[in-house]
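Report on one structure; see the data block that follows.
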């Protein structure tokens, strides 16, 4: 902008949000209730000053990626479970696409121990509208272990977001 304003002084300033839940303009909330947020928020002011006139433009920007995660499972033989999760990805509350989705499950069913294992060969179905279904087999420590799943997503803007959910037994 400065290079385009030959006869004016150009000043751009920005302030990041410090209003809750933002800290230094960033809000990341990666919860166990199936919802995750990654967000950045800032206000910009662009001022042109010349001998003939002054002009000031203000703009605020809020970039937010949200992940909604839901899941269920059925018991198979032994300690195996057939897991089905649904991921919904949103950018500024509009459907968005993923560059990649990594899925993990908790081996022992106790989130306090954080024993996460990568889901092996998940089948991912992309519906083209920000919704994905992911199916995989999880071999857990015990047959009755709770089925905790974590999805970690990079959207097409390369913004990382994750969410954890406890799947419902069908």
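The values are calculated or read from the model by the stated rules, or taken from the named source; none is laboratory data. Quick caveat, the model's predicted, so the values are computed rather than measured. Quick reminder, even Gly has a Cβ in these numbers, built from the backbone with ideal geometry, and neighbours come from all protein chains shown.
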Check: Going by the structure shown, is residue 25 touching a residue at least 24 places away in the same chain (Cβ under 8 Å) and either assigned by TED's automatic domain parsing to the domain that holds residue 125 or surrounded by 16 or more Cβ atoms within 10 Å (Cβ to Cβ) (or both)?
Finding: no
Next item on the list: Collect the residues in the range 89-117 that are surrounded by fewer than 17 Cβ atoms within 10 Å (Cβ to Cβ) and under 18 Å from the mean Cα position of the chain (by Cα), keeping them in residue-number order.
Entry: 92, 93, 94, 95, 97, 99, 100, 102
Next item on the list: Of the numbered conditions (1) within 30 Å of residue 87 (Cα to Cα); (2) assigned to a strand (DSSP E or B); (3) modelled with pLDDT under 90, residue 27 fails exactly one; give the number of that condition.
Entry: (3)
Notebook entry, point to check: Identify, please: which residue in the range 118-145 is out of contact with any strand residue (DSSP E or B) (no Cβ under 6 Å at 6 or more places or on another chain) and within 19 Å of residue 77 (Cβ to Cβ) and is, among those, surrounded by the fewest Cβ atoms within 10 Å (Cβ to Cβ)?
Noted result: 121
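When you look at residue 33, is it surrounded by fewer than 13 Cβ atoms within 10 Å (Cβ to Cβ), under 30 Å from residue 143 (Cβ atoms) and touching a strand residue (DSSP E or B) at 6+ places or on another chain (Cβ under 8 Å), yes or no? Give the derivation first.
Values: surrounded by fewer than 13 Cβ atoms within 10 Å (Cβ to Cβ): yes; under 30 Å from residue 143 (Cβ atoms): yes; touching a strand residue (DSSP E or B) at 6+ places or on another chain (Cβ under 8 Å): yes.
It is true that residue 33 is surrounded by fewer than 13 Cβ atoms within 10 Å (Cβ to Cβ), under 30 Å from residue 143 (Cβ atoms) and touching a strand residue (DSSP E or B) at 6+ places or on another chain (Cβ under 8 Å).
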